[in-house]
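Novice: Here it is: the structure, laid out below.
The values are calculated or read from the model by the stated rules, or taken from the named source; none is laboratory data. None of the values given here were measured: they were computed from a predicted structure. In this analysis, Cβ positions are derived from the backbone assuming ideal geometry, glycine residues included, and neighbour counts consider all displayed protein chains.
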Amino acid sequence: EPEVTQTPSHQVTQMGQEVILRCVPISNHLYFYWYRQILGQKVEFLVSFYNNEISEKSEIFDDQFSVERPDGSNFTLKIRSTKLEDSAMYFCASSERGTGNTIYFGEGSWLTVV
Amino acid sequence: AQKITQTQPGMFVQEKEAVTLDCTYDTSDQSYGLFWYKQPSSGEMIFLIYQGSYDEQNATEGRYSLNFQKARKSANLVISASQLGDSAMYFCAMRGVSGGYNKLIFGAGTRLAVHP
């Protein structure tokens with residue numbers, strides 16, 4: 001069964017460093033998303049991406065965050081200067097359509113900022 | 001504003017029994033979608049089931065069914081014949097026009113423990 005894959009599964013980084021989280025969405029999907037889940041808290045929407053541009057973003061997704069689809073398969077989330085409060089599980093997700101009935105998540109990337 | 005409420009922080013069920021996980025939602029949208037996800041201790045988010053607001057029949061996927069009561073704004077997940085592997089966190093989520101149709105709003109989750 002097709003799946004969303006994410007790398008790395010876990011990354012430890014020093015405060016102030018740049019981090020890039022990578023995702024390979026399901027191949028025929030057109031909509032891509034990043035969510036995050038701080039330990040013990042709700043899953044929160046960060047950004048959605050369609051047709052090579054951001055279609056929606058939350059207030060969490062400030063200037064230190066950016067997303068990119070550098071080629072036909074990868075979808076990346078970059079955090080420019082990490083803070084302690086960026087420590088979380090980051091989920092990539094994809095869906096075939098924007099109004100579709102299934103949004104599939106990857107296994108997540110644990111980011112620990114020290 | 002859209003909101004998802006899961007009032008059961010934890011539930012337990014005996015293996016092979018059925019269990020209902022509660023979810024209520026708040027939205028002024030006419031068109032919206034409701035989702036359930038399972039998060040095992042390993043952390044991944046596994047899609048379980050979807051219900052569209054215009055779907056007249058309750059969604060079912062194997063042992064999972066969604067008890068959709070539109071007037072009450074509830075979308076409870078029913079797991080039949082529980083298995084030990086069902087022990088996990090379960091999240092209810094929704095998407096709708098006013099909240100931004102491209103994003104899911106999640107509830108706080110319910111931790112289910114299945115006992116042998």
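Novice: If I filter the stretch B:26-40 for residues that are modelled with pLDDT of 95 or more and touching a helix residue (DSSP H, G or I) at 6+ places or on another chain (Cβ under 7 Å), do I get at least one hit?
Specialist: no
Novice: For chain A, list the strands (runs of 3 or more DSSP E) that sit wholly inside it and hold at least 1 residues that are facing chain B (nearest Cβ under 9 Å) and either closer than 21 Å to B:ILE49 by Cα or of a type in the set (Val, Ile, Thr) (or both); which are they?
Specialist: Details: elements: A:5-7, A:10-13, A:19-24, A:31-37, A:43-50, A:53-57, A:65-68, A:75-79, A:88-95, A:109-113.
Passing ranges, in order: A:31-37, A:43-50, A:88-95.
Novice: Next question, about the same structure. Return the residues of the stretch A:23-42 that are surrounded by 17 or more Cβ atoms within 10 Å (Cβ to Cβ) and in contact with a Ser or Thr (Cβ under 9 Å, 6 or more places away or on another chain); say none if nothing qualifies.
Specialist: A:CYS23, A:PRO25, A:ILE26, A:HIS29, A:TYR31, A:PHE32, A:TYR33, A:TRP34 - these are the residues of the stretch A:23-42 that are surrounded by 17 or more Cβ atoms within 10 Å (Cβ to Cβ) and in contact with a Ser or Thr (Cβ under 9 Å, 6 or more places away or on another chain).
Novice: Test each condition in (1) touching a residue at least 60 places away in the same chain (Cβ under 8 Å); (2) over 14 Å from the mean Cα position of the chain (by Cα) for A:LYS42 and report the one that comes out false.
Specialist: The number of the failed condition is (1).
Novice: Considering each residue of the stretch A:60-75, count those that are under 22 Å from A:VAL114 (Cβ atoms) and among the polar types (S, T, N, Q), and give that number. Spell out how you get there, then give the answer.
Specialist: Initial filter on the stretch A:60-75 (under 22 Å from A:VAL114 (Cβ atoms)): A:60, A:62, A:64-65.
After this cut, where a residue has to be among the polar types (S, T, N, Q) as well, the list is A:64.
Going through the stretch A:60-75 one residue at a time, the tally reaches 1.
Novice: Among (1) farther than 21 Å from B:VAL13 by Cα; (2) modelled with pLDDT of 95 or more; (3) among the basic types (Lys, Arg), there is one condition B:ARG63 misses while meeting the rest; what is its number?
Specialist: (1)
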